[in-house]
Amino acid sequence: MLVLVLLGAGHLAVAGQQMKYGVSVKEAKPAALAKAKTYVWTNSQPSFDKGVDRQIVAAVDRELAARGFTKLDAAPSDVVVTYASLSRTDTDLKSKPAANGMLREYAVGTLVVDMRDPANRQSFFRVRMDTPIDKDPAKLEAGINAAVAAMFEKYPKPKS
């Protein structure tokens, strides 16, 4: 299952290790992706915030269109796309405690986008982004667009 973790409701304080942020590709099958031209969305773990859900879907649609994909309203398609998102609170264990003894905390979003074979649900491309986020609604859409663009920079390039 594709898990996109960005902007969910849960919070988690991380202790004991320094978190790594950025994009990681969990699966890539360039040969299968080279043949794919159409996609449909399938059920996922959407953001609880419907506005954020729309922004994530729009950002993924934009990136797929830029790679030559056509979105279909219903199956059959060459791939099915899904995402999952959540947010958490990380604690900077190396920060100096504030006057109240608390360490610096910041919001982190995780987003996973998965493109799968509609026949057997095997992943063709699964990518994950973990990044500090600004929860200010005025800045959220720009952050989502930047995160999804960074994720799709890892999309396999077609062979020339």
> Of the numbered conditions (1) over 21 Å from residue 41 (Cα atoms); (2) out of contact with any strand residue (DSSP E or B) (no Cβ under 8 Å at 6 or more places or on another chain); (3) of a type outside the set (Gly, Ala, Ser), residue 62 satisfies every one except a single condition; which is it?
Replying inline: (1)
> Only one of 115, 129 is farther than 23 Å from residue 159 by Cα and of a type in the set (A, V, I, L, M, F, W, C); which?
Replying inline: 129
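When you go through 68, 51 one by one, which is the residue that is over 15 Å from the mean Cα position of the chain (by Cα), closer than 20 Å to residue 137 by Cβ and modelled with pLDDT of 90 or more? So that I can check it myself, show each step before the final result.
Details: 68 fails: closer than 20 Å to residue 137 by Cβ.
Selected residue: 51, the only one of 68, 51 that is over 15 Å from the mean Cα position of the chain (by Cα), closer than 20 Å to residue 137 by Cβ and modelled with pLDDT of 90 or more.
Matching residues to (1) at pLDDT below 90; (2) hydrophobic (A, V, I, L, M, F, W, C); (3) loosely packed, with under 12 Cβ neighbours inside 10 Å:
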{"site": "127", "(1), (2), (3)": "no, yes, no"}
{"site": "137", "(1), (2), (3)": "yes, no, yes"}
{"site": "155", "(1), (2), (3)": "no, no, no"}
{"site": "160", "(1), (2), (3)": "yes, no, yes"}
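The values are calculated or read from the model by the stated rules, or taken from the named source; none is laboratory data. Since the model is a prediction, treat every value here as computed from it, not as a measurement. Virtual Cβ from ideal backbone geometry, glycine too; neighbours counted across all protein chains shown.
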